[in-house]
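Have a look at the structure below before the remarks.
The values are calculated or read from the model by the stated rules, or taken from the named source; none is laboratory data. Keep in mind that what you see is a predicted model, and the values were worked out from it rather than measured. Please note: Cβ atoms are built from the backbone with ideal geometry, for glycine as well, and neighbour counts cover all protein chains shown. For accessibility, only protein heavy atoms count, side chains too; no ligands or nucleic acids. Shrake-Rupley method; radii C 1.70, N 1.55, O 1.52, S 1.80 Å.
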Amino acid sequence: MTTTVALIGAAGHGAWHLRAIDALGERVRLVATCDVQPGYDYTDHRRMLAERKPEVVVVCTPPHTHLPIALDALDAGADLLLEKPPVLSLADHRTLAEASRGRAVQVGFQALGSPTLPMLPDRVGAVTSAAVAGAWWRPDAYWTRSPWAGRRGRDGALVNAFAHALMQALAITGISPPWTLSLDRYRTRPAVEVEDTATVRLRVPDGRELFVAVTLCSGEFVPGDITVTGTAGTAEVGYTEDRLDGEVLPGRIGLLENLLDHREHDAPLLVPLERTEPFTVLAEAILTAGEPALLDPARLKPREDGAEIPGAAALVRRAAAERAHFREIGAFQ
Ligand SMILES: NC(=O)c1ccc[n+]([C@@H]2O[C@H](COP(=O)([O-])OP(=O)(O)OC[C@H]3O[C@@H](n4cnc5c(N)ncnc54)[C@H](O)[C@@H]3O)[C@@H](O)[C@H]2O)c1
């Protein structure tokens, strides 16, 4: 069986999806690429949908454009692989959920296809908490790569670069609203309106907790290490490379492949839209939380393509280990 697929938003991260489509061989046939930039089959997605009638549409446009494009694709009868973050508010999430009844919407949180997730209950029992540490470097060019990059209400280390860390921790803990949220957010570039460094704490009434400490200003790389604590033990998960207690596990299931399995023989979707609603609630709270504190340049270590926070990797590791906000460990005072 061959399923027709189209890609909307082809020039950026869409290139990754083109490779994923190609890797599925005869299971899929790419019938159109669409981008507002020249060089693709279509510049107008509505025209593409009407003329090519794809069965599956991959939406890989900027996050604030997802909702209208997804609604158009659903209206044209397609199932969706919609990039993360699916939408930027709970109201939009519910609008999309309503419009997608009877259709499949898979959201691009690819780490939920990880083989580490089903193994966790055996290792730790019932999960009581997850703490994430991530320290990456993103140069000045990262913040000017697209018009929405670094823009208030649209981007940020938490909702974009480390979105998978948040979603993975939400999935591992099973935490959903109502919750108590506290945030501690910083930025190092005056022209960037959003956080590049932050901690997040979420607690639910039964005592389960999720803690995330991340930065995009680190000279030392910490890929994204999740310490999972449960009733029967702890485990260390590397969500970017499917590492579980030091061992990298093969067998991640691709989200497009899983969407095809769902269409062909009703396999459960790995990341159905409803599974991502807690992420959307958290993302909206972060996106509307106001401006992060601007760090004093005197604290930073300048480099050609930006400025590092000295000792950033150690800071995120300590914050995650203690489940303490940067402000609570006196990090930037
Ligand atoms: N799953 C992942 O690991 C991952 C990684 C990177 C990006 N993403 C997500 O992928 C999406 C795209 O990110 P990006 O960095 O490629 O963004 P981008 O700003 O480069 O936009 C992607 C493309 O969409 C095009 N575009 C914009 N509006 C359009 C429209 N109305 N119709 C057709 N094309 C349009 C742009 O011209 C661009 O080529 C975002 O949701 C992002 O969060 C996911």
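This table checks each residue for (1) of a type in the set (Lys, Arg); (2) within 24 Å of VAL228 (Cα to Cα); (3) touching a Pro at 6+ places or on another chain (Cβ under 9 Å).
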site	(1), (2), (3)
GLU257	no, no, no
HIS262	no, no, yes
ALA267	no, no, no
ARG275	yes, yes, no
PHE279	no, yes, yes
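Only one of the listed residues (LEU67, LEU88, LEU82) is within 25 Å of ALA171 (Cβ to Cβ), open to solvent by less than 20 Å² (accessible area, probe 1.4 Å) and either outside the structural domain of ALA283 (by TED's automatic domain parsing) or at pLDDT below 95 (or both). That residue is LEU82. Going through region 136-156 one residue at a time, which ones are in contact with an Asp or Glu (Cβ under 6 Å, 6 or more places away or on another chain) and aliphatic (A, V, I, L, M)? Answer for region 136-156, where residues must be in contact with an Asp or Glu (Cβ under 6 Å, 6 or more places away or on another chain) and aliphatic (A, V, I, L, M): just ALA149.
Just one of the listed residues (ALA111, ALA104) is modelled with pLDDT of 95 or more and either acidic (Asp, Glu) or more than 13 Å from the ligand (Cβ to nearest atom) (or both), namely ALA104.
Say whether the condition of being assigned to a helix (DSSP H, G or I) and more than 24 Å from the chain's Cα centre (by Cα) is met by at least one residue in region 5-16. Within region 5-16, none of the residues are assigned to a helix (DSSP H, G or I) and more than 24 Å from the chain's Cα centre (by Cα).
Can you confirm whether ALA78 is touching a Pro at 6+ places or on another chain (Cβ under 7 Å) and either touching a residue at least 12 places away in the same chain (Cβ under 8 Å) or within 20 Å of GLN37 (Cα to Cα) (or both)? Considered against the rule, which asks whether it is touching a Pro at 6+ places or on another chain (Cβ under 7 Å) and either touching a residue at least 12 places away in the same chain (Cβ under 8 Å) or within 20 Å of GLN37 (Cα to Cα) (or both), ALA78 comes out as yes. Name the single residue, out of those in region 171-196 being small (Gly, Ala, Ser) and closer than 15 Å to GLU291 by Cα, that is most open to solvent (accessible area, probe 1.4 Å). Only one residue tops the list, namely ALA191. What pairs can you find where one residue is in region 60-71 and within 6 Å of the ligand (Cβ to nearest atom), the other is open to solvent by 50 Å² or more (accessible area, probe 1.4 Å) and not in a helix (DSSP H, G or I), and their Cβ atoms are less than 9 Å apart, with a gap of 6+ or different chains? Correct list of pairs: CYS60/GLY12; CYS60/HIS13; THR61/GLY12; THR61/VAL36; PRO62/GLY12; PRO62/PRO147; PRO62/ARG154; PRO63/ARG154.
Summed over region 7-31, the residues that are away from the ligand (no atom under 11 Å from the Cβ) and either open to solvent by less than 80 Å² (accessible area, probe 1.4 Å) or farther than 20 Å from ALA104 by Cα (or both) give a count of 12. Picking from residues in region 171-187 that are among the small types (Gly, Ala, Ser) and touching a residue at least 60 places away in the same chain (Cβ under 8 Å), the one that is nearest to the ligand (Cβ to nearest atom) is ALA171.
Matching residues to (1) touching a residue at least 60 places away in the same chain (Cβ under 8 Å); (2) touching a helix residue (DSSP H, G or I) at 6+ places or on another chain (Cβ under 6 Å); (3) not in a loop (DSSP other than H, G, I, E, B):
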position: GLU241; (1), (2), (3): no, no, no
position: ARG252; (1), (2), (3): yes, yes, no
position: ASP261; (1), (2), (3): no, no, yes
position: GLU264; (1), (2), (3): yes, no, yes
position: PHE279; (1), (2), (3): yes, yes, yes
position: ALA283; (1), (2), (3): yes, yes, yes
position: ILE286; (1), (2), (3): yes, yes, yes
position: VAL316; (1), (2), (3): yes, no, yes
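One residue stands out in region 129-170 among those that are buried (at least 16 other Cβ atoms within 10 Å of the Cβ) and among the β-branched types (Val, Ile, Thr): the one that is farthest from the ligand (Cβ to nearest atom), namely VAL132. If you check THR215, THR199 for being crowded, with 23+ Cβ neighbours inside 10 Å and either in contact with a His (Cβ under 9 Å, 6 or more places away or on another chain) or of a type in the set (Phe, Trp, Tyr) (or both), only one passes: THR199. The test for being aromatic (Phe, Trp, Tyr), open to solvent by 60 Å² or more (accessible area, probe 1.4 Å), at pLDDT 95 or above and outside any loop (DSSP other than H, G, I, E, B) holds for PHE221. Every condition in (1) over 29 Å from ALA91 (Cα atoms); (2) more than 10 Å from the ligand (Cβ to nearest atom) is met by GLY39 except one, and the failing one is (2).
If only residues of region 32-47 that are outside any loop (DSSP other than H, G, I, E, B) and within 22 Å of LYS84 (Cα to Cα) are counted, the one that is most open to solvent (accessible area, probe 1.4 Å) is ARG46.
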